[in-house]
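One structure below.
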Amino acid sequence: ADGLLTMSWQDWLGLGNKHSVSAITGIERWVVLDVETSGLDTNSAQLLAIACIAVNVDWKSKQLTLMPGDSFEITVRPTTLVTDKANILVHNIGQQSQAQGVPVGEALQMMVNYVGKSHLLAFHSGFDERILTQHSQRELNSHLPNAWLDIALLCKAIYPNIHADTLDEWLAHFGIVCTNRHSAAADAWAEGEVLQRLWPQIARQCSHWRDLKRLAHQQRWMSWHQR
């Protein structure tokens with residue numbers, strides 16, 4: 001639906017977990033995020049959609065669980081409606097859907113409220129982070145303080161011998177079917193499934209978020225020096 005927003009019942013009641021770690025259970029709440037935009041140039045692209053799905057991580061039991069009931073999806077009304085047909089064909093967010101979306105500033109504030117202090121993950125997260133940071137600075141006069149992690153770097157760190165780079169290539173490698181690619185919600189879910197496939201190896205090597213950050217940082221360093 002246009003301007004669609006889905007959240008957990010806890011959030012509607014003001015009881016949602018806004019912290020990255022539950023004080024009661026010790027379970028970490030991460031958020032896998034995906035955006036759709038009018039283009040790939042982060043300096044000029046407009047934000048069209050945001051989707052998130054929460055991930056609960058229990059380091060003690062070494063379990064990672066996707067939480068479809070704790071999710072967020074919203075269509076954004078850009079400052080200027082996107083009319084480029086090629087772009088619309090990619091993400092299927094036409095002018096009517098754009099016009100019925102939530103204004104950029106309001107959409108961003110709703111996302112910020114949903115995410116809270118949770119860590120953020122995305123595939124090739126640099127793009128998502130730059131888009132959201134620039135829009136947040138312009139619309140909210142603030143930045144996102146959350147920690148980010150690139151799922152693509154984790155893929156290469158865990159499976160260094162697999163010749164894959166794009167999300168489509170990694171989905172094919174893991175046998176994950178995403179029937180509605182370039183829908184923010186479908187892509188966020190697919191990225192969460194990729195994270196699940198990586199988790200058994202991650203759980204053997206890591207016991208804390210900072211271990212994942214170190215793993216991703218090492219992979220980024222290696223990739224840079226292999227160019």
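The values are calculated or read from the model by the stated rules, or taken from the named source; none is laboratory data. Not measured: the values here are computed from a predicted model. We place every Cβ from the backbone using ideal geometry, glycine too, and count neighbours over all the protein chains shown. Accessible surface areas use protein heavy atoms only, side chains included; no ligands, DNA or RNA. Shrake-Rupley method; radii C 1.70, N 1.55, O 1.52, S 1.80 Å.
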Checklist entry - Checking VAL21 against (1) open to solvent by 10 Å² or more (accessible area, probe 1.4 Å); (2) in contact (Cβ under 8 Å) with a residue 12 or more places away in the chain, which single condition isn't satisfied? => result (2)
Checklist outcome for this item: Within region 155-168, residues being part of a loop (DSSP other than H, G, I, E, B), within 17 Å of the chain's Cα centre (by Cα) and among the aliphatic types (A, V, I, L, M) number 0
Checklist entry - Of (1) at pLDDT 90 or above; (2) among the acidic types (Asp, Glu); (3) farther than 14 Å from SER183 by Cβ, GLU36 satisfies all except one. Which? => result (3)
Next on the checklist: I'm checking my understanding of the structure. Among residues of region 177-220 that are surrounded by 14 or more Cβ atoms within 10 Å (Cβ to Cβ) and acidic (Asp, Glu), which one is nearest to ALA152 (Cα to Cα)?
Outcome noted: GLU191
Checklist entry - Within the bounds of region 159-166, is there any residue that is aliphatic (A, V, I, L, M) and closer than 25 Å to LEU40 by Cβ? => result yes
Item to check | Within region 35-74, considering residues that are among the hydroxyl-bearing types (Ser, Thr, Tyr) and part of a strand (DSSP E or B), the one surrounded by the most Cβ atoms within 10 Å (Cβ to Cβ) | outcome: THR37
Checklist outcome for this item: When PRO200 is run through (1) in a helix (DSSP H, G or I); (2) modelled with pLDDT under 95, the failure sits at (2)
Item to check | Which listed residue, of VAL57, VAL31, VAL21, is in contact with a His (Cβ under 8 Å, 6 or more places away or on another chain) and within 22 Å of ASP211 (Cβ to Cβ) | outcome: VAL31
Checklist entry - Hey, does region 169-184 have a residue that's of a type in the set (Gly, Ala, Ser), farther than 18 Å from LEU120 by Cα and not in a helix (DSSP H, G or I)? => result yes
